[in-house]
Amino acid sequence: MPLPDYIDNKQHKLEDVLRALILDESQTNLDIATGFFRIEAWIRLEAAFNALTNLRLLIGRDPTIRPAEGDRIDLTSYFHHDVQKQLEVEKYKLKYKQQIDRLIAYLQQDHIHVRLYGAIGEGAQFLHAKAYVFDNYSIIGSSNFTPAGLSGNTELNVLNKTLVIAQDLRQNWFEKFWADKSVDREYK
């Protein structure tokens, strides 16, 4: 598939472009910044994500959940609440439980890193940016890492095919948020 210049989930779907970059273009290092993460999005890309040699996932704190103890979010409660919400929407099936188990095993691998932005500190901002940064490519736009963001919503994302821009975005933008003082580094 030729890589498009933009992704709107009509003519070109983010799900297909991410899969093509990983599997066809051999882009195996990926940094994702997203406001929202949904299990079903990972399930759709599970086979491709298994080919990644490094993944850093920076997820925005749900703005409806306040930090515990004045300056920290109770991550156990946060993820329990998030998974509970997702399970209430998806009819509970053994297959879905097995998918959740696979996701948990995937996230526990040494080359997979997850941080929650806005988890620590009073007045921490919500991460609203959406970026998918590979070694040679980057995608910046409106799509969260959710099923709707991958293919359902009308979105607008730009696929940048310039190595220097991808490197600059990783070094000067993603690294800044990955290391932000509001990020919970103890999660994984």
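Nothing in this text is a laboratory measurement; each read-out follows from the coordinates by a stated rule. All of these numbers come straight from a predicted model, not from anything done at the bench. Here Cβ is always computed from backbone atoms with ideal geometry, including for glycine, and neighbour counts include all displayed protein chains.
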Under 5 Å between amide H atoms, partner at least 5 residues away or on a different chain: which partners does Gly118 have, H built in plane at 1.01 Å? Ser182, Val183, Asp184
In order through the range 98-114: 3J(HN,Hα) via Karplus (6.51 cos²θ - 1.76 cosθ + 1.60), integer Hz, x for Gly, Pro: 5, 5, 5, 4, 5, 4, 4, 4, 4, 5, 7, 5, 5, 8, 10, 10, 10
Can you give the local net charge around Ala148? Use residues other than it whose beta-carbon is closer than 10 angstrom to its beta-carbon, Lys and Arg +1, Asp and Glu -1. -1
Quick one: Karplus J couplings for the range 165-175, per residue in order, coefficients 6.51, -1.76, 1.60, θ = phi - 60°, nearest Hz, x for Gly and Pro? 5, 4, 5, 5, 4, 5, 6, 9, 10, 4, 4
Whole-angstrom gap from the range 32-54 to the range 119-164, using each part's C-alpha centre: 12 Å
May I ask you to list the trypsin sites (Lys or Arg not before Pro) in the range 119-187 that are in a DSSP loop and have at most 10 other Cβ atoms within 10 Å of their Cβ? Lys181
